[in-house]
1. So, of the residues in the range 55-68 that are of a type in the set (A, V, I, L, M, F, W, C) and part of a helix (DSSP H, G or I), which turns out to be farthest from residue 10 (Cα to Cα)?
2. Hey, can you tell me all the residues within the range 28-52 that are buried (at least 16 other Cβ atoms within 10 Å of the Cβ) and either modelled with pLDDT under 85 or within 14 Å of residue 4 (Cα to Cα) (or both)?
3. Looking at (1) within 25 Å of residue 24 (Cα to Cα); (2) free of Cβ contacts under 8 Å to residues at least 40 places away in the same chain, can you tell me which one residue 53 breaks?
4. Is it true that some residue in the range 72-79 is modelled with pLDDT of 95 or more, touching a helix residue (DSSP H, G or I) at 6+ places or on another chain (Cβ under 7 Å) and among the hydrophobic types (A, V, I, L, M, F, W, C)?
5. Restricting attention to the range 69-95, which residues are more than 16 Å from residue 10 (Cβ to Cβ) and of a type in the set (D, E, K, R)?
6. Could you grab me the full set of residues in the range 56-75 that are small (Gly, Ala, Ser) and touching a residue at least 24 places away in the same chain (Cβ under 8 Å)?
7. Restricting attention to the range 69-95, which residues are of a type in the set (D, E, K, R), in a helix (DSSP H, G or I) and under 15 Å from the mean Cα position of the chain (by Cα)?
Amino acid sequence: MSDELRTAAQACREKFQLLIEITAELQPAGEVADDIYGTDWIKEQYARFKIWAGNIGAFAEGHASLDYRLRDNLSTQKFMLDFLVALTDFIHRGK
């Protein structure tokens, strides 16, 4: 069984974590960023992503996984994969 969606979701999660680390290093502790897209905003979006991905089974394995549940629906599987790849690229460009 393919695990393309789980792999894509994990890549997205890793990019979020890296972006949070980089943003935190650029913004000294206790200092409020002028930019509305600072560390707190990114952390909030990351939390939302984890909830969403957890709810749809993006990180799950076996029969609970998104990959398994979409195995017979290739168009939806492709849509989700394209979405996760695009989101990962968007986060990467945020660095």
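The values are calculated or read from the model by the stated rules, or taken from the named source; none is laboratory data. As the structure is a prediction and not an experimental result, all values here were calculated from the model. When we count neighbours, we look across all protein chains shown, and the Cβ atoms used for this are built from the backbone with ideal geometry, even at glycine.
1. Within the range 55-68, the first condition is being of a type in the set (A, V, I, L, M, F, W, C), and the residues that meet it are 56, 58-60, 64, 66.
Narrowing the set further to residues that are part of a helix (DSSP H, G or I) leaves 56, 64, 66.
Working: 56: 14, 64: 16, 66: 13 Å.
Here the residue is 64.
2. Hit for the range 28-52 is 38, nothing else.
3. (2)
4. no
5. Scanning the range 69-95 gives 69, 71, 72, 78, 82, 93, 95.
6. So the first thing to find is which residues in the range 56-75 are small (Gly, Ala, Ser), and the list is 57-58, 60, 62, 64-65, 75.
Within the range 56-75, 58, 60, 65 meet the criteria.
7. Looking only at the range 69-95, we keep the residues that are of a type in the set (D, E, K, R), and these are 69, 71-72, 78, 82, 89, 93, 95.
Still in the list and also in a helix (DSSP H, G or I): 69, 78, 82, 89, 93.
Within the range 69-95, 82, 89, 93 qualify.
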